[in-house]
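**Q** Input: one structure, supplied below.
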There are 2 protein chains.
Amino acid sequence: MPSPDQAGDPVRDLTAVVPAGGSGTRLWPLSRSSSPKFLHDLTGSGRSLLQGTVDRLEPLVGDRVMVVTGTRHADAVRAQLPDLRPENLLVEPSPRDSMPAIGLAAAVLERRDPGAVLGSFAADHVIGEPDVFRERVRQAVHAARQGLLVTLGITPTSPATGFGYVRVGGELAVEDAPDVRHVEAFVEKPDAELAAEYLASGRYLWNAGMFVVRAGTLLDLLEQQQPRMVQTLREVAADPSSIAERWDSLTRISIDHAVAEPAAAAGHVAVVPAPFTWDDVGDFASLASLLPESAGRPGLHVLGPEDLVLAEGSTGVVAPRAGRTVVTLGMQDVVVVDTPDALLVTTARHCQDVKGLVETLRRTGREELT
Amino acid sequence: MPSPDQAGDPVRDLTAVVPAGGSGTRLWPLSRSSSPKFLHDLTGSGRSLLQGTVDRLEPLVGDRVMVVTGTRHADAVRAQLPDLRPENLLVEPSPRDSMPAIGLAAAVLERRDPGAVLGSFAADHVIGEPDVFRERVRQAVHAARQGLLVTLGITPTSPATGFGYVRVGGELAVEDAPDVRHVEAFVEKPDAELAAEYLASGRYLWNAGMFVVRAGTLLDLLEQQQPRMVQTLREVAADPSSIAERWDSLTRISIDHAVAEPAAAAGHVAVVPAPFTWDDVGDFASLASLLPESAGRPGLHVLGPEDLVLAEGSTGVVAPRAGRTVVTLGMQDVVVVDTPDALLVTTARHCQDVKGLVETLRRTGREELT
């Protein structure tokens, strides 16, 4: 029989923390530094990735959602999330990677409730089965209450080389969390051969950067590695007006490097295997796989008004985002992204190279387009 | 020693007639029915094809240039050719193919000067060596004064299947026209095998639709085939205000079918072989061959501002005509035409199919884009 909090009510001690950062340059010119991918509807759902993330969490946490974002994007986040409580929008004066962002959220939550649990979920990921997601987060909360740092590890469906992995250890006995396991280690992005071994072994999960942990536990683990950072974060939480002068002194570091890897080595990390489809919408090939096929047009995916696209003998992704008619003729696996000030034409095979293209644009005096 | 009129002065009895029609649908979306290809600069020269045609003729005819165009384009022609004498702009109420257009010019010229010679040259062709062109037209004028219908036949450089051909006969003795030959026949566009035979034989030239003939000769030849048409054309020339009511009664027919083919069969046609490069800018592959290569970017041709194009690992034609930055990545022989209301992405291999695409646009309610 499910325990009460699995039946659908919010988890009372959990706050969702949504770091909304990253520029998504491999999705240029859809994603720009002034308007990164989390602000865009990239699935044709009518909701931005950020809004989709909050929608997915709402049955679990109600309005206990905290967003951490940069100064440039704070207004856009407020506009997209009108129900976000003002005290739950943390604005970073400059990007310092994920540890300071999530650490600040932890310090703020710890002051509000010393037993608070936080679940950190990126603003620009897409999850196929939100019910399964929420059920797994509930298991993670049970484990987090035991003082563990808990991650959700995605069951891999391919030997991906674009993600880090989590090596799964033995069972952990946690009530109401039947699937939770020890984590032996976090490992870096593998090469193709190693990725194939990981997949075949059945012992590795994708590290999707989702963490569920008591705010106090996270700060304690961080304190062992970066005592000055924890002190600064607690000072900022106590006096938010001091953020401008203190923030830039913080080390740029990811939560993986700062806390997850050393804590795993010390045996403090658990994982809940997560058998839902997950995508970080990393490039246009990924985008194509998330979009429905255009009606009557096999292999064609349109992000925008379908009637703006005439695709004769063509497959791929076409994003008509400038109100103009886009016509493709005899193009296979094409990527056409039409925006008011910039147009990209490439193929799925080259979509990883879009990042380098954006660097070229910056280097050649076209920074305003990036 | 060259005769005086080969030294550079205008040929006093010659008027250039420039039929400015045709929609150039294989160059969509550059060329539109509202703005056909002759109105566009398609070579990066800074002059439209129409202006380039007139520029090329000016040393030969001075201001004796007559343009025949449709109602929709008359204003654009006047704007592009401010020096065109108003009485030398003939405006067709509806398109009736080339014979009525050139025939009307002949009837108008005949009234002005019974001995007038006309040279008809399409508004949307590109010629590489204008000096050679003019020298060959001078030879054609000498032959035309003898009462012949004279065409310029382009020396073929490939077994093209997109043009009709002229089969060359024996020599003709015409003073100051050493290269003039009899025409045995005009033949239709051949298939590939036949085109290869034509090329190998050395007896065939491309029919570029250029004719030099006395106005009276042309009307006499036409009268043998279409006496009613000649009567109507002479009535319209006598009373230009009657064009509105008379024009639509004229048969739609090309000058080739109406006059050139029967006259050749009767031995009245001559040809001056024309050893200059010639292109009817029929499609984007042709356009690419006419544009210079982008500096430092082998295989890339830009029609528009070079600095709007970033082409990483790409070859082909990019036409940035909307002021936006166009980025191509890893595209070979690509054709990207960016206009304010429509974008085309295809490859050189498919450029013949653009015509069908335009028909699809019309059929699917997007006529305003064509």
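**Q** Within the stretch A:354-370, count every residue that is within 27 Å of the chain's Cα centre (by Cα) and within 9 Å of another protein chain (Cβ to nearest Cβ).
**A** Qualifying residue count, the stretch A:354-370: 6.
**Q** Another question, if that's okay. Considering only the stretch B:193-215, state which residues are under 20 Å from the mean Cα position of the chain (by Cα) and either open to solvent by less than 20 Å² (accessible area, probe 1.4 Å) or on the phi < 0 side of the Ramachandran plot (or both).
**A** Hits for the stretch B:193-215 are B:Tyr204, B:Leu205, B:Trp206, B:Asn207, B:Ala208, B:Met210, B:Phe211, B:Val212, B:Val213, B:Arg214, B:Ala215.
**Q** Something else about it: In the stretch A:322-337, what residues are within 15 Å of B:Met331 (Cβ to Cβ) and within 7 Å of chain B (Cβ to nearest Cβ)?
**A** Scanning the stretch A:322-337 gives A:Thr328, A:Leu329, A:Gly330, A:Met331, A:Val334, A:Val336.
**Q** Given the condition open to solvent by less than 10 Å² (accessible area, probe 1.4 Å), within 18 Å of B:Val354 (Cβ to Cβ) and either more than 11 Å from chain B (Cβ to nearest Cβ) or modelled with pLDDT of 95 or more (or both), answer yes or no: does some residue in the stretch A:293-306 qualify?
**A** No, there is no match, as no residue in the stretch A:293-306 is open to solvent by less than 10 Å² (accessible area, probe 1.4 Å), within 18 Å of B:Val354 (Cβ to Cβ) and either more than 11 Å from chain B (Cβ to nearest Cβ) or modelled with pLDDT of 95 or more (or both).
**Q** I'm checking my understanding of the structure. Among residues of the stretch A:167-207 that are aromatic (Phe, Trp, Tyr) and touching a Gly at 6+ places or on another chain (Cβ under 9 Å), which one is farthest from A:Val259 (Cα to Cα)?
**A** A:Tyr204
**Q** Check whether at least one residue in the stretch A:272-282 is open to solvent by 60 Å² or more (accessible area, probe 1.4 Å), in a helix (DSSP H, G or I) and under 30 Å from A:Gly316 (Cβ atoms), and report yes or no.
**A** No; the residues of the stretch A:272-282 include none that is open to solvent by 60 Å² or more (accessible area, probe 1.4 Å), in a helix (DSSP H, G or I) and under 30 Å from A:Gly316 (Cβ atoms).
**Q** Taking only the stretch B:338-353 into account, find how many residues are more than 7 Å from chain A (Cβ to nearest Cβ), under 26 Å from the mean Cα position of the chain (by Cα) and at pLDDT 95 or above.
**A** Residues meeting the conditions: 1.
**Q** Kindly indicate whether any position in the stretch A:41-62 is of a type in the set (D, E, K, R), closer than 20 Å to A:Arg112 by Cβ and free of Cβ contacts under 8 Å to residues at least 40 places away in the same chain.
**A** For the stretch A:41-62, residues of a type in the set (D, E, K, R), closer than 20 Å to A:Arg112 by Cβ and free of Cβ contacts under 8 Å to residues at least 40 places away in the same chain: present.
**Q** Of these, A:Ala260, A:Ala265, which one is of a type in the set (Gly, Ala, Ser) and open to solvent by 30 Å² or more (accessible area, probe 1.4 Å)?
**A** A:Ala265 is the lone residue from the list that is of a type in the set (Gly, Ala, Ser) and open to solvent by 30 Å² or more (accessible area, probe 1.4 Å).
**Q** Right, here's the next one. Between A:Asp97, A:Asp113, which is assigned by TED's automatic domain parsing to the domain that holds A:Ala244 and in contact with a Lys or Arg (Cβ under 8 Å, 6 or more places away or on another chain)?
**A** When all the criteria are applied, what remains is A:Asp97.
**Q** Could you check B:Gly170 against (1) free of Cβ contacts under 8 Å to residues at least 24 places away in the same chain; (2) part of a helix (DSSP H, G or I); (3) not acidic (Asp, Glu) and say which number it fails?
**A** The failed condition is (2).
**Q** Might you check whether a residue that is open to solvent by less than 30 Å² (accessible area, probe 1.4 Å) and either under 23 Å from A:Leu49 (Cα atoms) or among the acidic types (Asp, Glu) (or both) occurs anywhere in the stretch A:157-168?
**A** yes
**Q** Quick check on the stretch B:65-87: of everything there that is touching a residue at least 24 places away in the same chain (Cβ under 8 Å) and not hydrophobic (A, V, I, L, M, F, W, C), which residue is surrounded by the fewest Cβ atoms within 10 Å (Cβ to Cβ)?
**A** B:Arg72
**Q** A further question follows. Among the residues of the stretch B:27-40, write down those that are in contact (Cβ under 8 Å) with a residue 24 or more places away in the chain, open to solvent by 10 Å² or more (accessible area, probe 1.4 Å) and under 15 Å from the mean Cα position of the chain (by Cα).
**A** B:Lys37, B:Leu39 - these are the residues of the stretch B:27-40 that are in contact (Cβ under 8 Å) with a residue 24 or more places away in the chain, open to solvent by 10 Å² or more (accessible area, probe 1.4 Å) and under 15 Å from the mean Cα position of the chain (by Cα).
**Q** Out of (1) within 12 Å of another protein chain (Cβ to nearest Cβ); (2) modelled with pLDDT under 95, the odd one out for B:Asp280 is which?
**A** (1)
**Q** Identify all residues within the stretch B:46-62 that are touching an Asp or Glu at 6+ places or on another chain (Cβ under 9 Å) and modelled with pLDDT under 95; write none if there are none.
**A** Passing the criteria: none in range.
**Q** Looking at the stretch A:97-113, can you tell me whether even one residue there is open to solvent by 40 Å² or more (accessible area, probe 1.4 Å), touching a residue at least 12 places away in the same chain (Cβ under 8 Å) and within 16 Å of the chain's Cα centre (by Cα)?
**A** There is at least one residue in the stretch A:97-113 that is open to solvent by 40 Å² or more (accessible area, probe 1.4 Å), touching a residue at least 12 places away in the same chain (Cβ under 8 Å) and within 16 Å of the chain's Cα centre (by Cα).
**Q** Go through the stretch A:307-321 and give me each residue that's surrounded by 16 or more Cβ atoms within 10 Å (Cβ to Cβ), within 12 Å of chain B (Cβ to nearest Cβ) and not in a strand (DSSP E or B).
**A** Listed by number, the residues that qualify are A:Leu308, A:Ser314, A:Arg321.
**Q** May I pose another question? Evaluate the following for B:Ala348: is it touching a Phe, Trp or Tyr at 6+ places or on another chain (Cβ under 8 Å) and open to solvent by 30 Å² or more (accessible area, probe 1.4 Å)?
**A** Considered against the rule, which asks whether it is touching a Phe, Trp or Tyr at 6+ places or on another chain (Cβ under 8 Å) and open to solvent by 30 Å² or more (accessible area, probe 1.4 Å), B:Ala348 comes out as yes.
**Q** Here's something else I'd like to know. In this structure, does B:Pro190 turn out to be in contact (Cβ under 8 Å) with a residue 12 or more places away in the chain, over 30 Å from B:Val108 (Cβ atoms) and open to solvent by less than 30 Å² (accessible area, probe 1.4 Å)?
**A** yes
The values are calculated or read from the model by the stated rules, or taken from the named source; none is laboratory data. Note that this is a predicted model, so its numbers are computed, not measured. Backbone-built Cβ (ideal geometry, glycine too); neighbour counts: all protein chains shown. The accessibility values were calculated without ligands, DNA or RNA, using every heavy atom of the protein model including side chains. Shrake-Rupley method; radii C 1.70, N 1.55, O 1.52, S 1.80 Å.
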